Amino acid sequence: MLQATHHSLAAFPLDRWWVAGFSWELKDKPLARTLLSRAVVLYRTPDGVVAALEDRCCHKELPLSCGVIEARGLRCGYHGLLFNTEGKCIEVPGQERIPDRARVPSYPLRERDQILWIWIGSNPDSQPDTEPPSYPVHNDPRYKFGGDSFHYDAPYQLIHDNLLDLSHLGYVHAKTIGGNPSLHMNAVVKVEGSGDHVRVVRLMPNSSPPPTYSAAWPFGTPGIDRWQEIDFKVSHVEIWTGAMDVGSGDLSDPKREGFHMRGFHGVTPETATSAHYFWTIATNPHPDKQDVTQLVVNQTAQTFEEDKVLIENQWQNQCRFPVRAQIDIHVDAGPNRARRVIERLVSGAVPK
Amino acid sequence: MLQATHHSLAAFPLDRWWVAGFSWELKDKPLARTLLSRAVVLYRTPDGVVAALEDRCCHKELPLSCGVIEARGLRCGYHGLLFNTEGKCIEVPGQERIPDRARVPSYPLRERDQILWIWIGSNPDSQPDTEPPSYPVHNDPRYKFGGDSFHYDAPYQLIHDNLLDLSHLGYVHAKTIGGNPSLHMNAVVKVEGSGDHVRVVRLMPNSSPPPTYSAAWPFGTPGIDRWQEIDFKVSHVEIWTGAMDVGSGDLSDPKREGFHMRGFHGVTPETATSAHYFWTIATNPHPDKQDVTQLVVNQTAQTFEEDKVLIENQWQNQCRFPVRAQIDIHVDAGPNRARRVIERLVSGAVPK
Amino acid sequence: MLQATHHSLAAFPLDRWWVAGFSWELKDKPLARTLLSRAVVLYRTPDGVVAALEDRCCHKELPLSCGVIEARGLRCGYHGLLFNTEGKCIEVPGQERIPDRARVPSYPLRERDQILWIWIGSNPDSQPDTEPPSYPVHNDPRYKFGGDSFHYDAPYQLIHDNLLDLSHLGYVHAKTIGGNPSLHMNAVVKVEGSGDHVRVVRLMPNSSPPPTYSAAWPFGTPGIDRWQEIDFKVSHVEIWTGAMDVGSGDLSDPKREGFHMRGFHGVTPETATSAHYFWTIATNPHPDKQDVTQLVVNQTAQTFEEDKVLIENQWQNQCRFPVRAQIDIHVDAGPNRARRVIERLVSGAVPK
């Protein structure tokens, strides 16, 4: 097993909402997923309530995810103990009395805009003090979207690094959303933010459309004005990229026209050295073109597969080299700022 | 690799016979098998003598199981050293003198009723003080049987738990030998035993035959009287189950009529966290029906595959959770009694 | 993961040339290879220069072997940093200034007789004080050769043992270059050497040709005089074997006629418990026979596959047994002498 020698592995920001998956993942079977090193079983009752329990029967420790969903809860697949959505055992087959201790920990789980949010506390009494984040794009009639859940054999912060620094598009994703490398490396970049928020804006006026863009949108001019807005919000990153004909509008105006790709990126640690990556990509189909949503989703999936290979290689390499300094270059401003946010949250310090 | 944090892993009951396999497994090739953490090679000479040696040539440490069987013993596959059934080197090719130290440890191995029994001592001088257990069912003309050797990635005591508590049949084996869950959970159960012996008897009068039973036996009435007798004997468990037409005899009479399934279950630790499961199932073919022995064996194999999946999932889950109390329910009386026997034997205490 | 409990694992002889591969392995893509526990990327520039760098970009630690070869060097596949053959970063895309620290360690790499030799020093200042070894057989018009690179999950010294003791041919390689076991076990063997050199000569006059020999050469008599000369040179072993018609010449004369097989065996530690085995086999095609070079290469590959299976089994077995003495037999004189050379080099002692 790989060992991380030069990375802080012990802690994640706690007492907050993290993405546990998507609504469509909970059908008629329980779903096992380890989140922030907690082994959790997610399930939806026949009347639609979603629940997250510790994935361990309190009797003989079989994963509850090996059991079956019933109207009243989740039944263990070994001796049939039945647990309700709060984790309380409400039936021990063949036995009248149900011991008080017959219960398993439960986690607050909310469904919002087709995203499942789980509250992971630093102690058993920690309860949500906010609603989970909203993501209106999933309900916006101007957009259509698709997505998937990926698993990474790499720490979640390497995915943050990747998302906050899109300069890699030219080298890693030339076949889809990339384009000319030097274009990306020489983009006008602004890094800002406050509190736990980091925002990176990259503008590439008068550039050439990459393959996915050309396939999806009938640009009218030889060149495009292109934008990338990246919003890091600890539990997830929102990335709004797009392009319009050169000179046809203000790149910084949220009401700008043209081709849009809006990405949701839920990056949830599985363990200290592995992560879940829950993503969707939404696009605005052009009225004169055949619907290209599926094309955009497929090419995005291909792009993220490329990132996964790269980041997992990067992590394996970090593991096999002893403590060794990295050098910083210009593209690291955004990622480094996000790393400082995580460090501060983990250490419990108050933001400056 | 999984680590067990809340299980005693270090010791097994020693100075006793354990099942090493079945007679039919020793043909013309040596068989490598780790038993109680000892790497052993089992083989049968051309004139039928069975032997068990440490699986390591004393020269360059190649496993002797990579060698070939000859009339006089087992020849190493690297430089041809020849070892007799006692582990003494009797030939060093190209060299006149055979060093005194050229020998490998051997283990007493006996063949009885088609079962191979190996004596594992607590020290090199430990020698058998008894004959290995007999199992007359394998030679009883009323029965026909078949069986197999399974490997478990789980400690042997989880298999004991499973065999001594057949209440799980309804939840795990509904398609074969199970039947209605509540039937099993509400069976009349008696747990008894003395010394190292644990006996669990479960009676289910006036119940419905499960699929395997109906396929194998022409029950004459709509209901059956069903029995399950489980005898735990440390190295193995004997389970005698069966059923007859309702009211047609005494369920507790060993001479009872009806459909019989008699299982031999040799449960031998491979390591502290893995096990061998050597099983046979014998049944009494009904004179008016086509021989269903193979059907019964096949459905039993399917049943044990279900148990294997379940128990390996259980073990993996026990490994990923830190020390955490389990709760006991009514079905645990038999398994817990067997666990106390093992604990006592390992600790060397005298039975009460 | 296997652990070696009774083998010295920590050190290799350093400040010397080791085989890194063959010339034909470096084409248009970088090649990742771990050598003496150093993760290295090997590559050849379009104008033919070969280079070996630490396989880790100094920016975000992606393996440089995930990058692409360009005219000026090797470009990282993440953010495009470009490194020349000395490991100096000569371009940071999108950034004017290149930090002084932007460099990766490089290793002296030489190409000689189609073999790639890498200098692994005990410290960063260690530089070659000799040319790498020559191997004229690869350029000798009398010979044709082929070869391959094998990977072993076993320490390199177990391969030395195997090569320096060809008595195992009868037991392990009967189908190719072996022959009668007792022939090999009773060969006339001479072990000699000085400094870091060990030489084992085995003569088998008046013996029968093994299958590969018969297929390759039209021996004129019922018997052959056979020789094996093994030269251990720390980084590699040269083995010159062959045979001629009985009585047709002096077996010890380097100008002897007959059928020749000349093996180059570069044995380079990958880690303490794994190794690279870079081998070629050269033979002298008989003018009256169809060219059998490929046959000889194929049968040699088959032979070495047999050795690999054997040695990996041996190593796994050494790992699972606690510290335990091996006994020596007559064939161990050569291997033991080579082990003492390695021990002396690792300890830094002066040769006696």
Handout entry: Sites matching chymotrypsin sites (Phe, Trp or Tyr not before Pro) across segment C:144-186 that sit in DSSP coil, with at most 10 neighbouring C-beta atoms within 10 Å
Key = none
Practice task
Could you tell me, in Å, what Rg and Dmax come out for the Cα atoms of the protein assembly as shown?
Solution key: 35.4, 97
Fill in the blank from the handout: Per GNM of chain A with C-alpha springs under 10 angstrom, the most fluctuating residue out of A:Trp279, A:Trp24, A:Trp217 is A:Trp24
Handout entry: Förster-model FRET efficiency, 56 Å R0, C:Arg110 and A:Arg110, C-beta, rounded to 0.05
Key = 0.30
Practice task
Please name which of A:Gly147, C:Gly21, A:Ile90 has its Cα lying farthest along the dipole of the protein assembly as shown towards the positive end, using unit charges on Cβ (Lys, Arg +1; Asp, Glu -1) and the Cα centre as origin.
Solution key: A:Ile90
Problem - Per DSSP, loop trypsin sites (Lys or Arg not before Pro) in segment A:80-116 with at most 13 further Cβ within 10 Å - result: A:Arg97, A:Arg101
Exercise for the section: Please give the per residue volume of the convex hull enclosing the alpha carbon atoms of segment A:217-352, rounded to a whole number of Å³. Expected result: 167 Å³
Exercise for the section: Filter the DSSP H helices in chain A by two things, a Kyte-Doolittle mean of at least -1.0 and an axial alpha-carbon span of 18 angstrom or more, and list the hits by number. Expected result: A:293-320, A:333-347
Exercise for the section: Please order B:His173, C:His330, C:His260 by the number of other Cβ within 10 Å, starting at the fewest. Expected result: C:His330, C:His260, B:His173
Practice task
Give the order of B:Thr221, B:Thr241 when sorted by the count of other beta carbons within 10 angstrom, beginning with the fewest.
Solution key: B:Thr221, B:Thr241
Practice task
Would you kindly state how much longer the chain becomes between C:Arg340 and C:Lys29 on full extension, computed as 0.36 nm times their sequence separation minus their alpha carbon distance, in nm to one decimal?
Solution key: 108.0 nm
Practice task
Report the residues of segment C:87-111 in range of a label on C:Glu131: point 7 Å along Cα→C-beta, backbone N strictly under 17 Å from it.
Solution key: C:109-111
Handout entry: Distance in nm between pseudo-label sites at A:Asn298 and C:Lys88 (7 Å out along the Cβ direction from Cα)
Key = 4.8 nm
Handout entry: Values of log10 I(q)/I(0), in the order q = 0.24 Å⁻¹, for segment B:19-120 under a Debye, Cα-only, solvent-free model
Key = -1.30
Exercise for the section: Give the order of A:Asp55, C:Asp245 when sorted by the count of other beta carbons within 10 angstrom, beginning with the fewest. Expected result: C:Asp245, A:Asp55
Exercise for the section: Provide the FRET efficiency to the nearest 0.05 for the C:Asn139-C:Asn206 pair, computing r from the beta carbons and using R0 = 30 Å. Expected result: 0.30
Practice task
Using 0.36 nm per residue of separation minus the Cα-Cα distance, give me the extension gain between C:Asp148 and C:Ala333 in nm, one decimal.
Solution key: 63.7 nm
Practice task
Restricting things to alpha carbons, tell me how big segment C:155-293 is in terms of Rg and Dmax, in Å.
Solution key: 15.3, 48
Practice task
Take the alpha carbon atoms of segment B:87-158, find their center, do the same for segment A:52-110, and report the distance between the two centers in whole angstrom.
Solution key: 44 Å
Handout entry: Mean ellipticity per residue at 222 nm, deg cm²/dmol - from DSSP H runs of n ≥ 4 across chain C, formula -39500 (n - 2.57)
Key = -6000 deg cm²/dmol
Fill in the blank from the handout: Rounded to the nearest 5, the percent of DSSP beta bridges in segment B:136-347 running antiparallel is 100 percent
Practice task
Using every pair of alpha-carbon atoms in chain B, split the distances into 20 Å bins beginning at 0 and state the percent of pairs per bin, rounded to integers.
Solution key: 28, 52, 18, 2
Fill in the blank from the handout: If one builds a Gaussian network model of chain B from Cα atoms under 10 Å apart, the most fluctuating residue listed among B:Pro93, B:Pro128, B:Pro335 is B:Pro93
Practice task
With label points built 7 Å along Cα→Cβ from the Cα atoms of C:Gln95 and B:Ser347, find their separation and express it in nm.
Solution key: 6.4 nm
Fill in the blank from the handout: Of all stretches in chain C that avoid GluC sites (Glu not before Pro) placed in a DSSP loop and having at most 13 other Cβ atoms within 10 Å, the longest is C:97-256
Completion exercise
In a Gaussian network model of chain C with springs linking alpha carbons closer than 10 Å, the residue among C:Gly242, C:Gly121, C:Gly21 that fluctuates most is C:Gly121
Practice task
Kindly state, to the nearest 0.05, the FRET efficiency for C:Val309 paired with A:Val323, given R0 = 45 Å and r defined as their beta-carbon distance.
Solution key: 0.70
Handout entry: In segment A:234-263, trypsin sites (Lys or Arg not before Pro) in a DSSP loop with at most 14 other beta-carbon atoms within 10 Å
Key = A:Lys255
Problem - Average projected area [Cα convex hull, segment B:308-352], square nanometres - result: 4.6 nm²
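No value in this document is a laboratory result; all are computed from the given coordinates. Quick caveat: nothing in here was measured; it's all calculated off a predicted structure. Because the Cβ atoms are built from the backbone with ideal geometry, glycine has one as well, and the counts that use them run over all protein chains shown.
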